[in-house]
Amino acid sequence: MLVKRFTREELVSLAHGQPEVLVELFLDLQERLALNSTNSSKPPATDGLAKPAPKSLREKTGRRPGGQPGHPGHTLLPVKNPDTVQEHRLGRCPCGRCAGVALHDQPVLDYERRQVFDLPPLRLAVTEHCAEIKQCPCSGLMVRAAFPAAVSAPVQYGSHFRGLTLYLFNQQFLPFNRLRQTCLDLFGQPLSLGTLTQTNEQAYQTLAPVESVIVRGLLQAPVVNVDESGLRVAGCLHWLHFASTAQLTFYGVHGSRGTAAMDALGVLPHCHHWLVHDHWKPYYKYDALHALCNQHLLRELKFLAEECREVWARELSQFLLNWKNDPRCQAGLAEETFTGAHTRYKAIPREGRRAHPRRQIGQGRTRQGKAANLLDRLEDYDLCVLAFLVDPNVPFTNNQGEQDIRMMKVKQKISGCFRTLRGAQIFARIRGYLPTSRKQGRNLWEACCLLVIGRPFIPNVPTAGP
């Protein structure tokens, strides 16, 4: 909400004639100054250099930091068949008890082995394809042998190199100039913008059926995480919409943020199971079961508990965290247990209503404080808040969605914006393919190499329910 800018004379007039307005204005500004990334939806970048001390909402487990007992760990292990073996011969005895007697004639009793894992010298291997040309003895015409389908130009890059550029640009977010310099430093070969553009364009076309499979899988999934975020395209504000599960990721770019964009992208209108989101109102227009991200609620409750001294907010926060960690949620609650939890949940906001009554019908759009607005949401969407108790498949938070959208924001921070809408759409489709491949256990460089030769990885999707 924007705050009206008052002149000094107006403030003095308010102080004399309407001091209660000045008090409300002061309290509002005080609340705004107290907002940060730990107690609201503000991103950490807005905290500036004076970042608040970390206060995690997670409870301490009492375990020491580092790997826990039973954790398999990851370390470098020797291989049975190394590529190269170097023998280090023992010419004279180093035991120190002799005068360095010669050991050339002594038999080798055993070896102590050590292995070094390293890269070979990096260079592009050039393969020349020679197609025979002969003359037909009957017609006299000159004929030529066929080249492989992938060899289509007199000089070109192979699938492994193009797959690497696709991987570095779309997964590691190297801007073109840095990618060009990387190729020059590693391989002695500069990369042209035309080559990279062509590789991405071909990948976009090839991934059309893969994207259809991803969308079909999302429509069949019991729970889908959704969110949207602003994206700068050609100097204008566009919106990045996404939907994801633990196995699938879809991104779409559109000029609109609302239902027009979500209808055009074709995912949410056909989702009829659980949608996990952050309570953005247009999501409720779709015929689905709705679950709210409780991490967002915990941050709002934290602000009210710490800055506004709201006791009910602290109680509700503890209530949600207790049920989050309750092992009974993993198997699903019995009806009687859920009814008891639901009754206790509804009792806590009622405590807050004593100080923050609901806006009465006929009062219009009168201004409410943060506490009253949150209480409205908690009471009107109680089953959306407690969806993780209704169905054990529903997560407590929208963290899956937050993780999937975070890397797209990293891309925007590195590159600033997309120059064209086409470029943004190409990047979004390729990015949907890459995290989906990662989630399903694929090596991303191999997935990129398969993509450039027209044989992309086809993700596994859940089967449709009864």
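The values are calculated or read from the model by the stated rules, or taken from the named source; none is laboratory data. These numbers were taken from a predicted model, which means no experiment stands behind them. As a convention, Cβ positions derive from the backbone with ideal geometry for all residues, glycine included, and neighbour counts pool all protein chains shown.
Per-structure values
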item: Sole residue being basic (Lys, Arg), without any contact (Cβ under 8 Å) to a residue 40 or more places away in the chain and either surrounded by 11 or more Cβ atoms within 10 Å (Cβ to Cβ) or over 28 Å from ARG431 (Cβ atoms) (or both), chosen from ARG180, ARG123, ARG162; result: ARG180
item: Pairs where the first residue, in the stretch 20-31, is farther than 14 Å from PHE6 by Cα and aliphatic (A, V, I, L, M) and the second is at pLDDT below 75 and exposed (fewer than 15 other Cβ atoms within 10 Å of the Cβ), C-beta under 7 Å, 6+ apart; result: none
item: Selection status of ALA131, within 22 Å of THR199 (Cα to Cα), surrounded by 10 or more Cβ atoms within 10 Å (Cβ to Cβ) and hydrophobic (A, V, I, L, M, F, W, C); result: no
item: Tally of residues being surrounded by 21 or more Cβ atoms within 10 Å (Cβ to Cβ) and within 17 Å of the chain's Cα centre (by Cα) across the stretch 436-448; result: 2
item: Inter-residue pairs, beta-carbon under 7 Å, first touching a residue at least 12 places away in the same chain (Cβ under 8 Å) and under 14 Å from VAL276 (Cβ atoms) and in the stretch 237-259, second surrounded by fewer than 23 Cβ atoms within 10 Å (Cβ to Cβ) and acidic (Asp, Glu), 6+ apart; result: PHE242/ASP227
item: Test set (1) more than 30 Å from LEU164 (Cα to Cα); (2) surrounded by fewer than 10 Cβ atoms within 10 Å (Cβ to Cβ); (3) not hydrophobic (A, V, I, L, M, F, W, C) - GLY100 fails condition number; result: (2)
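Per-residue answers, yes or no, for (1) within 29 Å of the chain's Cα centre (by Cα); (2) of a type outside the set (D, E, K, R); (3) not in a helix (DSSP H, G or I):
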site: ALA125; (1), (2), (3): no, yes, yes
site: CYS130; (1), (2), (3): no, yes, yes
site: GLY140; (1), (2), (3): no, yes, yes
site: ASN177; (1), (2), (3): yes, yes, no
site: ARG180; (1), (2), (3): yes, no, no
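Table: residues versus (1) crowded, with 20+ Cβ neighbours inside 10 Å; (2) touching a strand residue (DSSP E or B) at 6+ places or on another chain (Cβ under 7 Å); (3) modelled with pLDDT of 95 or more.
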site	(1), (2), (3)
LEU248	yes, no, yes
SER256	no, yes, no
THR259	no, no, no
HIS272	no, no, no
LYS281	no, no, no
